[in-house]
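Take a look at the structure set out below.
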Amino acid sequence: MGNGDLERGTTTKNRNQSYAAGTYDMEDSDSQWTSWLVPMIVVANVAMFVVIMFVNNCPNNNNNNNGDCVAKFLGRLSFQPLRENPLFGPSSSALEKLGALEWDKIVHQNQAWRLITCIWLHAGVIHLLANMLSLVFIGIRLEQQFGFVRLGAIYLFSGIGGSILSSLFIQRSISVGASGALFGLLGAMLSELFTNWTIYANKAAALFTLVIIIAINLAVGILPHVDNFAHIGGFLTGFLLGFVLLVRPQFGWSGRQHRPAHTIVKSKYSVYQYVFWIVATILLVVG
């Protein structure tokens, strides 16, 4: 551990071997962070959705103007009529009670806490499943590589960034911002690729794959009842946070211990990494 990457528990020798083999992969290292925060976030989101449906109580609160409740065998947890919510979820009033994003309440009633609470709300089962599957696919990899503190910070602040942009552009209806936090992780993955460019062997392939994933997820925002402003705000926030929190030592760097005498010590970070870090920090503060 003397001249290794202490946070990630790998030695310089093993890290350089994995660089030479091709695109850097966390699985090539001796050890990695154990992912526990992402599973906890999934559990929290599922539990919150159950609470929303319990509060919604479609059998008692539905006025039948839009049809009957869906999946009545669930009793109190049954869904609103599909005409009202095609995503198999609660009513707008139930989401509003539990902290959905609403511009008027945030600006005129001092309920800024909605910028955070809306991050944990989903509009329906389809919305929940899509987000949680994406979170597991993306988040576990990031947490294994960079740890729960940095992933948690990116997830939370990206969600808030998405909520802010959404509240600026959607002022006449409520919205939920769970997808903004997820898009922040996508943005962080892209900036991590840029700022750690030298450690990737197959740069074009990695960039192309990531851009395709981002484009597909943004295209989902065209669908009805999906808030693309939260997606964009979360993505931009995560993109900037990635430059600040996900910087790795450049290729060829090693610690000062146990190095041969009269060797040139390579800088741990390159100039462009410092530039990215400074610019991203300024933009985050301004944003």
Original post:
Does Glu143 satisfy being among the acidic types (Asp, Glu), modelled with pLDDT of 90 or more, assigned to a helix (DSSP H, G or I) and out of contact with any helix residue (DSSP H, G or I) (no Cβ under 6 Å at 6 or more places or on another chain)?
Top reply: no
**OP:** For segment 183-215, enumerate the residues that are in a helix (DSSP H, G or I) and open to solvent by less than 10 Å² (accessible area, probe 1.4 Å).
**Re:** Phe183, Gly184, Leu185, Leu186, Gly187, Ala188, Ser191, Glu192, Leu193, Thr195, Ile199
Subject >> Complete set of residues in segment 158-182 that are open to solvent by less than 30 Å² (accessible area, probe 1.4 Å) and among the β-branched types (Val, Ile, Thr) >> reply: Val176
Subject >> Positions within segment 42-84 being open to solvent by less than 70 Å² (accessible area, probe 1.4 Å) and part of a loop (DSSP other than H, G, I, E, B), in sequence order >> reply: Asn57, Asn62, Asn66, Gly67, Cys69, Ala71, Ser78, Gln80, Pro81, Glu84
Subject >> Residues (at pLDDT 90 or above, open to solvent by 60 Å² or more (accessible area, probe 1.4 Å) and either on the phi > 0 side of the Ramachandran plot or of a type in the set (A, V, I, L, M) (or both)) located in segment 108-128 >> reply: Asn110, Ile116
Original post:
Out of curiosity, is Thr34 out of contact with any His (no Cβ under 9 Å at 6 or more places or on another chain), assigned to a loop (DSSP other than H, G, I, E, B), at pLDDT below 75 and within 30 Å of Leu193 (Cβ to Cβ)?
Top reply: no
**OP:** Look at segment 136-157 and say how many of its residues are of a type outside the set (Val, Ile, Thr) and surrounded by 21 or more Cβ atoms within 10 Å (Cβ to Cβ).
**Re:** 7
Original post:
Within segment 32-41, restricting attention to residues that are open to solvent by 70 Å² or more (accessible area, probe 1.4 Å) and touching a residue at least 24 places away in the same chain (Cβ under 8 Å), which residue is nearest to the chain's Cα centre (by Cα)?
Top reply: Trp36
**OP:** Would you please name the residue that is nearest to His122 (Cα to Cα), looking only at residues in segment 68-100 that are of a type in the set (D, E, K, R) and touching a residue at least 40 places away in the same chain (Cβ under 8 Å)?
**Re:** Glu96
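The values are calculated or read from the model by the stated rules, or taken from the named source; none is laboratory data. Quick caveat: nothing in here was measured; it's all calculated off a predicted structure. FYI the Cβ positions are ideal-geometry reconstructions off the backbone, even for glycines, and counts take in every protein chain you see. For accessibility, only protein heavy atoms count, side chains too; no ligands or nucleic acids. Shrake-Rupley method; radii C 1.70, N 1.55, O 1.52, S 1.80 Å.
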